[in-house]
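Quick notes on the structure that follows.
The values are calculated or read from the model by the stated rules, or taken from the named source; none is laboratory data. In this text the structure is predicted, and so the values were computed from the model without any measurement. Please note: Cβ atoms are built from the backbone with ideal geometry, for glycine as well, and neighbour counts cover all protein chains shown.
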Amino acid sequence: MAAEYDIVIVGGGPGGYVSAIRASQLGAKVALVEKDRLGGTCLNRGCIPTKALVRSVEALQEAKKAHEFGVETGEVSLNFPQVMARKQQVVDSLVTGIEQLVAGRKIELYKGTGRLTSPRSLTVNGQEVSGRNVILATGSVPARIPIPGLDLPGVVTSDELLEVKEVPESLAIIGGGIIGMEFACIFRALGCQVTVIEMLPMILPPVDEEIARRFTQMARQQGIQIHTGATVTQVREWEGMLEVVFNTAQGEMTAPAEMVLVSVGRTPYTQGLGLEETGIAMNRRAIAANEAMETNLEGVYAIGDVIGGIMLAHVASYEGEVAVDNALGHRRTVDYGVVPNCVFTSPEIAAVGMTEKEIKDKDIPYKVSRFPFSALGRAQVLGETVGLVKTICQEGTGKVLGVHIMGPRATDLIAEGAAVMHHSGTARDIAHTIHAHPTLPEAMMEAALGQLEGSIHLRRM
């Protein structure tokens, strides 16, 4: 006899386990199906392990420039096995924490692959599980492209690169998006020669063009070779290494490397889920879902990377909460107007709202104000003065349309922009909020003042 639940959730990533906890909080009887470890790609092979590496890189760079702060450390060296061990320790600790949260909420965990046998029932390792509602949250996998040579030894995805035992001498990265550029900064700081090959005219396509251009200059100054407008034609063996062959406006070029990272985005994972048999509507490779996260089948919801759209962990969690609320009778729809986006490069980049180009394309009258970290006291104290806060507001009303930051702790600072935009706030709302001194968030206040009478600590030219 099948075990029956109020909600059955397939996938234990940031969409799935958050959905399970939310449903339990609302009094539902919940089953969670996961074939691997809880936490999904984000925790086990994505957000968390890469940020653990970023922190190790930050510590290395801080140690190397400690003499600038009057601290003599002697020769600084890298213990890469310890870097990777710490990365795994952080991941394991967080996985354990999620396991305890799930167990503490009396959520029934099924270990295995779930396959739908009807709209509201599925099998897990031969056991039948059914629910009044089902939420599909199976995530995504690294995308592959049809290029000869991608099956050669040494050609890897982000999953394999996170498990390397030593730093390669050289790394070629196919794809200059967020994942590709984060790895480029990490491995360049670890002493690796890095080449990035991007098909589009600019790297970091989701990022505001001004910020992306500024970052490209800085990345090149760090020694990262960047080729844009480049189409990869093949990867081949070359003198005991690998070689990426690509076409540019200047003709054919090559990039030799010990390892090649294929980082061209991610694709929804639906393998073995039984979607065809149950008749779930698809949007190409993604499951089609409406603004309430409902599929075309009553009682079946889909969230996170498996529906395509904005493939971010915090978006999956948000969609999961919306799906649960709807499944339990609390009508709610998603609003993607205020989604913070963070890039853990060096320096960090973060944004919320529209880019300047998007605003211009919509013919919205706007005003841009900027404040450089070089004019900020706290940034001077930290020795991190590269970058700026860029605020874009609607002309006349001052309503904040977009905030774009590059610089120290940009990924933390963006929360203020998101909060203000969530409440349809204005530049005046930010500017008239007392910001503690000396702190990095003062840059937000100064940029907002630039929308009004002008920044206090920036001399007008």
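Are any residues in the range 243-271 surrounded by 16 or more Cβ atoms within 10 Å (Cβ to Cβ), part of a strand (DSSP E or B) and charged (D, E, K, R), and if so, which ones? Residues satisfying the conditions are Glu243, Arg266. Has the range 223-238 got any residue that is surrounded by fewer than 20 Cβ atoms within 10 Å (Cβ to Cβ), within 22 Å of the chain's Cα centre (by Cα), not assigned by TED's automatic domain parsing to the domain that holds Arg284 and not in a loop (DSSP other than H, G, I, E, B)? Checked against the condition, which is being surrounded by fewer than 20 Cβ atoms within 10 Å (Cβ to Cβ), within 22 Å of the chain's Cα centre (by Cα), not assigned by TED's automatic domain parsing to the domain that holds Arg284 and not in a loop (DSSP other than H, G, I, E, B), the range 223-238 yields no hits at all.
Here Pro142, Pro148, Pro153, Pro168 are screened, and the one residue that is within 30 Å of Val235 (Cβ to Cβ) and modelled with pLDDT under 95 is Pro142. Within the range 346-384, the residues that satisfy the criterion of being in contact with a Cys (Cβ under 7 Å, 6 or more places away or on another chain) and of a type outside the set (Lys, Arg) are Ser346, Ala350, Tyr366. Filtering the range 99-148 to residues that are hydrophobic (A, V, I, L, M, F, W, C), in contact (Cβ under 8 Å) with a residue 12 or more places away in the chain, out of contact with any Lys or Arg (no Cβ under 6 Å at 6 or more places or on another chain) and within 20 Å of Ser317 (Cβ to Cβ) leaves Leu101, Val102, Ile107, Leu109, Ile135, Leu136, Ala137, Val141.
I'd like to check which helices (runs of 4 or more DSSP H) are fully inside the range 346-461 and have at least 2 residues that are without any contact (Cβ under 8 Å) to a residue 40 or more places away in the chain and under 21 Å from the mean Cα position of the chain (by Cα). Show your work before the answer.
Values: elements: 356-361, 377-382, 410-422, 427-431, 442-449.
It comes to 410-422.
Of all residues in the range 38-68, those being touching a residue at least 40 places away in the same chain (Cβ under 8 Å), within 30 Å of Ala137 (Cβ to Cβ) and part of a helix (DSSP H, G or I) number 13.
Each residue in the range 412-437 was checked for being more than 17 Å from Gly398 (Cβ to Cβ) and either surrounded by fewer than 13 Cβ atoms within 10 Å (Cβ to Cβ) or modelled with pLDDT under 95 (or both), and 3 pass.
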